[in-house]
Amino acid sequence: MEDASSKPRFFIIDGNSYIYRAFYAIRGLTTSAGMPTNAVFGFATMLMKVVKEHSPSYLAVAFDPKGPTRRHGEFKDYKSHRPPMPRDLVPQVPFIHRLVEAFRIPFFVKEGHEADDVIATLTQMAVQKGIDVVVVSGDKDLLQLVGPRVSVYDSLKERTYGPAEVEERFGVPPERVVEIMGLMGDASDNIPGVPGVGEKTAQALIKTYGTIENLLAHAHEISRPKLRQSLLENTDVARLSRALAQLHADVPLEVDFERLVPRQADTPALLAILRELEFSSLLKFVSPEKSEEADYRTVLNEHDLVEMISKFSGYSFLSIDTETTSLDPMLAELVGISFCGEPATGYYVPLRHTYDGAPQQIAPERVIALLKPLLEAPLPQKVGQNLKYDLLVLRHAGIDVQGVAFDTMIASYVLNPSRASHSLDALALEYLNYKTMTYDEVTGKGKNQIPFGQVDVATATHYSAEDADIALRLKEQLEPRLRDHDLDRLFHDVEMRLMLVLVDMEQAGVRIDAGLLQAMSGKLAREIGDMAKTIYELA
């Protein structure tokens with residue numbers, strides 16, 4: 001038996017179905033400027049899911065055109081009861097079209113023809129070429145296309161409909177679904193159907209008579225008087241409704257299947273859209289462009305450390321990053337420190353890597369003594385990500401860092417307080433199109449996670465020096481943005497100064513009057529006891 005996964009498969013996405021489903025499934029998502037983005041986000045997520053999980057051999061999207069279609073000519077009230085497109089959805093549709101173009105996925109919009117008919121036509125073309133088809137949609141109308149080589153996949157419900165699933169759903173084979181739809185009608189499309197016939201009745205009738213024509217020919221045999229009368233009085237309505245529900249596979253399309261083979265996305269265009277719409281959580285799914293090789297070095301002897309310090313003394317800015325034994329800066333001990341003075345370079349000074357076979361490292365107290373003059377000088381100005389943590393760790397180690405100038409995490413917050421993550425990994429993806437080495441990749445996760453001191457020095461060097469490097473690169477991206485949005489004074493004069501105040505506060509801690517608190521506790525205990533006694537008496 002041939003493996004189904006080895007056959008070429010053509011995924012056809014019902015664009016309009018997913019636009020509306022995404023719009024109603026995700027609510028309240030907007031950019032920082034207030035533009036609604038929920039439909040675009042849902043659509044983008046669905047596209048990425050289909051491509052990643054199913055690796056289609058061919059791929060296309062079908063959208064409805066503007067204006068009337070052939071069914072409006074057959075029935076002037078077709079879809080007349082539909083409300084206009086929701087106001088918040090209107091500005092999102094052009095972005096969805098741009099998104100599909102950025103993914104380099106061909107899409108079909110045929111004037112005068114609905115997307116469902118375009119999908120039916122593409123399906124027939126593919127099957128004639130021996131290609132299996134998967135229609136990606138939640139629209140039950142498309143289930144009439146299901147056959148031996150055609151299935152319908154509802155990615156939101158994670159359900160695939162083949163012939164057996166359609167028969168289970170409707171009680172008849174896929175080719176009879178249109179008969180049921182003709183009898184019951186469709187309120188959303190204003191297809192009238194036969195009055196008094198719902199889905200269960202329609203299923204039972206078609207299961208017995210097979211087609212609407214055969215049913216109408218035997219309508220006089222129906223035992224239920226009201227149903228019999230409704231069928232006899234609405235023969236034209238039944239035939240019209242079936243005609244409106246029937247999909248047409250005769251849309252004039254020019255299709256070159258070689259152009260439907262999935263291609264690499266237009267990364268710059270895709271990143272531009274995701275950034276414009278502030279979809280930072282989706283950036284990690286876009287392959288970052290290849291960046292230049294970085295020169296990250298490990299400092300293992302005092303001579304190299306002195307040379308590094310001398311070099312950095314002439315720089316305007318110095319990015320720093322610490323690696324420690326704890327997330328609590330007041331308990332953490334330094335495992336290593338990294339520095340970066342110019343992009344794509346970095347130095348890592350290990351202090352406490354203790355695994356078997358670890359290289360000889362400079363004594364921590366000697367490293368602190370040599371670094372102290374550099375880090376306590378006003379120049380170079382210090383840069384980093386979440387500097388408050390590093391400053392507390394270094395102060396605890398004996399270095400009171402001065403010349404603190406730029407915290408990339410705070411800058412990100414000032415620019416967009418509502419973004420989901422201000423982590424270095426997320427900022428690197430958004431502003432630099434760069435995927436960093438993550439902490440979990442270095443130390444492992446869960447019960448298999450190891451302390452940073454057990455990470456081999458070579459890996460630690462790349463990880464930590466990269467963090468310092470990326471923080472410096474982010475400063476160059478974020479600083480002009482702060483100026484462009486007139487946020488530079490807020491950042492420098494309020495947020496950065498406040499961060500330094502918080503460092504002092506966190507180090508000093510809070511002094512409490514233990515005696516007063518103990519007296520209050522006793523008083524409250526007595527009052528609680530009295531209240532409990534009163535409650536029992538009342539009860």
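Of everything listed in (1) in a loop (DSSP other than H, G, I, E, B); (2) open to solvent by less than 20 Å² (accessible area, probe 1.4 Å); (3) more than 29 Å from Tyr161 (Cα to Cα), the single unmet condition for Ile105 is (3).
The helices (runs of 4 or more DSSP H) found entirely in segment 168-265 that carry 2 or more residues being surrounded by fewer than 18 Cβ atoms within 10 Å (Cβ to Cβ) are 199-209, 212-217, 225-233, 235-245. A Cβ distance below 9 Å, combined with a sequence gap of six or more or placement on separate chains, defines the contacts here; from segment 483-504, residues that are farther than 26 Å from Val393 by Cβ reach residues that are open to solvent by less than 70 Å² (accessible area, probe 1.4 Å) and charged (D, E, K, R) in the pairs Asp488/Glu479. Taken together, Pro65, Pro94 contain a single residue that is part of a loop (DSSP other than H, G, I, E, B) and either at pLDDT 95 or above or surrounded by fewer than 16 Cβ atoms within 10 Å (Cβ to Cβ) (or both), which is Pro65. A residue that is crowded, with 20+ Cβ neighbours inside 10 Å, in contact with a Gly (Cβ under 7 Å, 6 or more places away or on another chain) and without any contact (Cβ under 8 Å) to a residue 24 or more places away in the chain occurs nowhere in segment 289-309. Screening Ser412 with (1) part of a helix (DSSP H, G or I); (2) open to solvent by 20 Å² or more (accessible area, probe 1.4 Å) gives one miss only, at (2).
Restricting the search to segment 20-62, which residues are assigned to a strand (DSSP E or B) and of a type in the set (Val, Ile, Thr)? Don't jump to the end; show me each part of the working.
So in segment 20-62, the residues assigned to a strand (DSSP E or B) come out as 30, 36, 58-62.
Result: Thr30, Val61.
Candidates in segment 504-519 are the residues that are open to solvent by 100 Å² or more (accessible area, probe 1.4 Å) and of a type outside the set (Lys, Arg); of these, the one that is nearest to Asp390 (Cα to Cα) is Met505. Scanning segment 348-371 for residues that are open to solvent by 70 Å² or more (accessible area, probe 1.4 Å) and in a helix (DSSP H, G or I) gives Glu365, Arg366.
Can you tell me which residue within segment 117-133, out of those that are closer than 16 Å to Pro174 by Cβ and assigned to a helix (DSSP H, G or I), is most open to solvent (accessible area, probe 1.4 Å)?
So the residue we want is Gln124.
Within segment 385-405, is there a residue that is part of a strand (DSSP E or B) and of a type in the set (Gly, Ala, Ser)? Yes, some residue in segment 385-405 is part of a strand (DSSP E or B) and of a type in the set (Gly, Ala, Ser).
Report, by residue number, each residue of segment 336-356 that is closer than 18 Å to Asn301 by Cβ and not hydroxyl-bearing (Ser, Thr, Tyr).
Result: Gly336, Ile337, Phe339, Gly346, Val349, Pro350, Leu351, Arg352, His353.
Residues in segment 130-176 that are modelled with pLDDT of 90 or more and β-branched (Val, Ile, Thr): Ile131, Val133, Val134, Val135, Val136, Val146, Val150, Val152, Thr160, Val166. Does at least one position in segment 479-501 carry a residue that is hydrophobic (A, V, I, L, M, F, W, C), over 34 Å from the mean Cα position of the chain (by Cα) and part of a helix (DSSP H, G or I)? Taking every residue of segment 479-501 in turn, at least one turns out to be hydrophobic (A, V, I, L, M, F, W, C), over 34 Å from the mean Cα position of the chain (by Cα) and part of a helix (DSSP H, G or I).
Which of the residues belonging to segment 144-167 are in a helix (DSSP H, G or I) and open to solvent by 40 Å² or more (accessible area, probe 1.4 Å)?
Within segment 144-167, Pro163, Ala164, Glu165, Glu167 qualify.
Do you know which of the residues in segment 68-91 that are farther than 30 Å from Leu277 by Cα and free of Cβ contacts under 8 Å to residues at least 12 places away in the same chain is most open to solvent (accessible area, probe 1.4 Å)? Here the answer is Lys76. For segment 428-468, the candidate set comprises residues that are assigned to a helix (DSSP H, G or I) and of a type in the set (S, T, N, Q); within that set, the residue that is most open to solvent (accessible area, probe 1.4 Å) is Asn448.
The values are calculated or read from the model by the stated rules, or taken from the named source; none is laboratory data. Here the structure is a predicted model, which means the values were calculated and not measured. Glycine gets a Cβ as well: all are built from the backbone with ideal geometry, and neighbour counts include every protein chain shown. Protein only, heavy atoms only, side chains kept; ligands, DNA and RNA dropped before computing areas. Shrake-Rupley method; radii C 1.70, N 1.55, O 1.52, S 1.80 Å.
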